[in-house]
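The structure appears below as structure tokens.
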Amino acid sequence: MPEDNAKSGAADKTKKTDQQADLDPNSINVKIYSPFKIYFDGPAKSISAENDTGPFDILPKHHNFMTLLNAGEVTVVREGGEQKYRIARGIMHVKKNQVIVFLDV
């Protein structure tokens, strides 16, 4: 039986890799939310914010990254333009072209 589990685990890893390959290599998946509301969930060309060292941008294929966000704006750039969100504070986590911004934490 353990062999069957190992095989299904390998299949799951292949499935995840295939899903990642289907994503546009020139975009990142961004999710911005607070405990009670989702502000943004979708693909973007970039996301900009500010931490204690200053303003920064996250582009596709950015290295893994985690930071506390300062009060200000988070800007999401998409195909059709940009969307800005005013924040009091937040946490940003970047991993494998996925950007998650937790607000009001």
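Of the GluC sites (Glu not before Pro) found in segment 35-94, the ones in coil according to DSSP and having at most 11 other Cβ atoms within 10 Å of their Cβ are GLU79. At full extension, LYS95 and HIS63 could sit 10.8 nm farther apart than now, given 0.36 nm per residue minus the alpha carbon distance. Structural descriptor for segment 20-93: relative contact order 25 percent, calculated from alpha carbon pairs under 8 angstrom and at least 6 residues apart. A simple charge model with +1 on the Cβ of Lys and Arg, -1 on the Cβ of Asp and Glu and nothing else charged puts the dipole of segment 26-103 at about 240 debye relative to its Cα centre. Summarising the amide proton neighbourhood of LEU69: residues at separation of 5 or more, or on other chains, whose placed amide H is nearer than 5 Å comprise GLY90, ILE91, MET92.
Here's how it looks for ASN97: its modeled amide H is under 5 Å from those of LYS61, HIS62, which are all 5 or more places away or on a different chain. Positive contributions from Lys and Arg (+1) and negative ones from Asp and Glu (-1), summed over other residues with Cβ under 9 Å from the Cβ of GLY42, come out at +1. Couplings for segment 29-43, taken from phi via the Karplus curve 6.51 cos²θ - 1.76 cosθ + 1.60 with θ = phi - 60°, read 8, 10, 10, 10, 8, 10, x, 10, 8, 9, 8, 8, 8, x, x Hz in order; Gly and Pro are left as x.
Each value in this text was obtained by applying a stated rule to the coordinates, not by laboratory testing. Because the structure is predicted, anything quoted here is derived from the model rather than measured. Cβ sites come from the backbone with ideal geometry, for glycine too, and all protein chains shown count toward neighbours.
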